[in-house]
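A quick write-up on the structure given underneath.
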Amino acid sequence: MKALTVGGAMIDTIAIIESSRIERMAMSNADVSYLLMEEGRKTEALQISTHTGGGAVNAAVSMARLGFDVSTLVKLGQDNRAETILSTLEKQGVSTRWAQRDERAPTGASVLISSHDRNAAVFTFRGANTLLEERDLNDLAFAVDVVYIASLSGKSAERFPDLVRRAKAHGAMVVTNPGVRQLSARAGPFQEALRMVDIVALNRSEASTLVPSLIAQFGEGGPRLPLGPGEERPDIDKRPLSGGGFDMSVVQFFRALISMGPKRVLLTDGKRGAYVATPDQIVFCPSVDCPVAGTAGAGDAFTSTYAAYEALGVAPVEALKAATLNAASVVGHVDTQAGLLRRDDLDGRIAAPGAQFATRSWPLHFESPADDRGDLAAE
């Protein structure tokens with residue numbers, strides 16, 4: 001089975017800092033925290049290492065290890081960073097036939113500072129990643145089974161509708177994992193193209209970014225999940241998705257996006273688990289207990305794995321399990337690719353005794369006493 005990934009290519013420099021050398025400040029009523037370092041002081045690092053990364057590169061390596069014939073469409077500069085990325089991709093069995101070089105900007109790079117729960121602070125230079133143009137898109141590249149569109153930055157995000165159209169013209173499954181900047185600055189073109197997208201994947205922060213643009217059409221508030229007797233309410237259903245001063249229940253959010261065209265909507269909530277919505281139901285899979293060395297790349301692993309398994313004909317709930325396990329393997333490493341599993345290893349972990357997932361499901365559409373903001377406060 002063939003796949004094409006499109007999006008970012010980066011060189012990641014990762015610094016691991018001892019927890020005692022850096023302070024963390026968390027907010028009590030928000031899902032944000034801050035890393036604090038003393039100004040003007042050299043801070044000793046446990047390790048500093050350099051790796052290849054970026055959404056398109058991570059997804060390409062992930063799908064190659066799952067047995068796909070993968071190529072990638074990325075923009076690189078005319079520099080040594082580009083040579084490193086191309087060499088790594090080729091070693092991983094990913095075709096670089098469609099990779100583009102551009103003298104107008106250097107290859108993208110990131111610096112990640114990780115400590116405490118290893119949720120890194122990231123300094124990003126997007127560089128050539130912002131320069132994807134229509135002339136870079138060769139129709140032959142899209143003659144595949146799956147087109148995975150990672151987060152697009154700068155003017156590259158303007159190519160999103162064209163990327164989707166070219167993929168659908170070849171009958172490909174279209175999967176996208178957009179970032180916050182793309183969703184906030186270019187929400188219009190993104191939502192317009194959603195009618196042609198098969199799978200869209202978001203984390204809670206990204207989903208909240210979409211909320212203000214959905215309110216006018218779908219309304220604020222919304223119903224909560226219809227729990228059975230004694231069933232505990234998931235965390236994501238206790239608090240609404242909030243953005244721009246507006247609130248929307250997770251049920252309303254899933255209904256809104258599914259009605260816009262996608263066959264699947266993935267929503268990850270960190271260690272609190274992940275969800276997939278289909279036109280008929282919402283399925284939940286808990287996270288896996290695992291050591292955490294770094295959280296960067298977990299979303300790429302999750303989405304690319306889910307997409308690969310669905311493309312292979314696996315049911316959503318089983319694809320969700322595979323995605324959860326592969327993402328858990330990735331966070332056990334400081335970089336974004338070392339933990340990516342091969343298909344036989346991943347299937348073995350799914351089937352292994354003790355690897356039982358307490359998955360849950362609810363109907364997407366159900367009778368509710370009130371589809372209004374009051375439902376969010378009920379309980």
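Worth a mention:
- Projected onto planes of every orientation and averaged, the convex hull of the alpha-carbon atoms in region 123-228 covers 8.9 nm².
- Here the extension length gained between Tyr34 and Met196 equals 54.5 nm, from 0.36 nm per residue of separation less the Cα-Cα distance.
- In this entry, region 238-329 is assigned a mean projected area of 6.7 nm², taken as a quarter of its C-alpha convex hull surface.
- Phi-derived couplings, Karplus 6.51 cos²θ - 1.76 cosθ + 1.60 at θ = phi - 60°, listed residue by residue for region 144-154: 9, 8, 9, 10, 9, 9, 6, 4, 10, 10, x Hz, with x used for Gly and Pro.
- Probe 1.4 Å - accessible area at Glu318, Å² to nearest ten: 70 Å²
- Percent of alpha-carbon pairs separated by more than 16 Å within region 227-276: 48 percent
- Largest first, the three principal axis extents of the alpha carbons in region 171-246 are 43, 33, 20 Å in whole numbers.
- Across region 226-379, Cα-Cα distances exceeding 21 Å account for 48% of all pairs.
- Taking every DSSP helix (H) stretch of at least 4 residues in the chain, weighting each as -39,500 (n - 2.57) and dividing the sum by the residue count yields a mean residue ellipticity at 222 nm of -9000 deg cm²/dmol.
- Applying 1/(1 + (r/R0)^6) with R0 = 41 Å to the Cβ-Cβ distance of Val314 and Thr50 gives a FRET efficiency near 0.70.
- For region 185-310, alpha-carbon Rg over 2.2 N^0.38 Å: 1.06
- Added length on full extension, which subtracts the Cα-Cα distance from 0.36 nm per residue, Met1 to Lys91: 30.5 nm
- With contacts taken as Cα pairs under 8 Å and at least 6 residues apart, region 53-171 reaches a relative contact order of 22 percent.
- Listed by chain and number, the aspartates and glutamates whose C-alpha is less than 18 Å from the C-alpha of Lys42, apart from same-chain residues fewer than 8 away, are Glu18, Glu23.
- Shape summary of region 1-92, radius of gyration then Dmax from alpha carbon positions: 17.9, 52 Å.
- Comparing Asp12, Asp69, Asp139 in a Gaussian network model of the chain, where Cα atoms under 10 Å apart are tied by springs, the biggest mean-square fluctuation is seen for Asp139.
- In this structure, the residue pairs whose Cα-Cα separation is over 23 Å, taken from Lys155/Lys263; Lys91/Lys271; Lys238/Lys271; Lys2/Lys75; Lys168/Lys263, are Lys155/Lys263; Lys91/Lys271.
- Accessible area in square angstrom per residue, the chain, 1.4 angstrom probe: 44 Å²
- Rg/Rg_globular for the chain, with Rg_globular taken as 2.2 N^0.38 Å and Rg from C-alpha atoms: 0.97
The values are calculated or read from the model by the stated rules, or taken from the named source; none is laboratory data. On a predicted model such as this, the values are computed, not experimentally measured, just so you know. For neighbour counting, all protein chains shown are included, and Cβ atoms are generated from backbone atoms with ideal geometry for every residue, glycine included. With ligands, DNA and RNA removed, areas are computed over all heavy atoms of the protein, side chains included. Shrake-Rupley method; radii C 1.70, N 1.55, O 1.52, S 1.80 Å.
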